[in-house]
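Inspection log for the structure reproduced underneath, given as structure tokens.
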Amino acid sequence: FDQPAGAEEHYSRAVDRSRELANIADLMHALHLRARCELDLGKVAVAEADAAEALQFGRQLRQPGVVVHSLAVLARVAALRGDIAESRRRTEEALEHAVPHRLHLAVCAAVLANGEIDVSLGRPAAALERLEPLIADPVAHPAYVIELAAMTVEAAALARTPGRGLPALALYEAWVECFDVPAPRATLARCRGLLADRAQADGYFFEALKL
């Protein structure tokens, strides 16, 4: 799906159908996938509710994939709310399960949550240390590459080391070509502005606002 809203609608139908059929296996997958879309759309409360329900089912049915993906969503929710301890706890548990099972999507989500916390705490250099290895890793999951790249660019700009953000910017530019929607292009313009010199930055930021 190019847009989270379309994906959310799709997974909502899957959730409703799974509930009607009392199909817990399909329900838990639909819930954690919808939670990701809701988080992208800024629907933090419902994303948290869906992820918590999926996590419960995942634990009961011993499904590590559902568990770690749900934990990653909950870690990002906690980070957005400023609950650093809860976010770190959720992230650590997610990584404990995700790394041995090679669940790259969940690893990306957990690292992104940690990076968001570091940036919010004014520690962009620490965020870069977490994010740069994943940006350079070919197994980084496409579902999170754009967000990881944008966060890396922001951390590099805040750390006043714009050169460290250039590989992430190049990766973002390559992926944005796959999307014909304005939101990623607006973020791309902002990323270019963050790494540009003062004379060029305003033009990029104005472009981001127009998109």
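Readers should treat all values here as calculations from the given coordinates under stated rules, not as data from a laboratory. These numbers were taken from a predicted model, which means no experiment stands behind them. All Cβ positions, even for glycine, are placed from backbone atoms using ideal geometry, and neighbour counts span all protein chains on display.
Quick look at the numbers
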| item | result |
| --- | --- |
| Largest to smallest principal axis extent of the C-alpha atoms in the stretch 1-79, angstrom | 28, 26, 19 |
| Packing-based order for 25-34, 87-96, 171-180, using average beta carbon neighbours within 10 Å, highest first | 25-34, 87-96, 171-180 |
| Approximate spin-label separation Ala183-Ala49, in nm, with each point projected 7 Å along Cα-to-Cβ | 2.0 |
| Surface/4 estimate of mean projected area, convex hull on alpha-carbon atoms of the stretch 73-147, nm² | 4.5 |
| Stretchable slack from Glu9 to Arg81, in nm (0.36 nm times residue separation minus alpha-carbon distance) | 23.4 nm |
| By average C-beta atoms within 10 angstrom, highest first, the peptides 58-67, 187-196 | 187-196, 58-67 |
| Taking the chain and dividing mean pair separation by its residue count, relative contact order in percent (alpha carbons under 8 Å, at least six apart) | 11 |
| Reduced Cα scattering model of the stretch 84-211, Debye log10 I(q)/I(0), q = 0.12, 0.17 Å⁻¹ | -0.45, -0.87 |
| Relative contact order of the stretch 68-153, pairs being alpha-carbon contacts under 8 Å that are 6 or more residues apart, as % | 27 |
| The stretch 110-197, relative contact order [Cα under 8 Å, separation at least 6], % | 25 |
| Area projected by the alpha carbon convex hull of the stretch 28-121, averaged over all directions, nm² | 5.1 |
| Calculated FRET value between Glu96 and Asn23, using beta carbons and R₀ = 25 Å, to 0.05 | 0.30 |
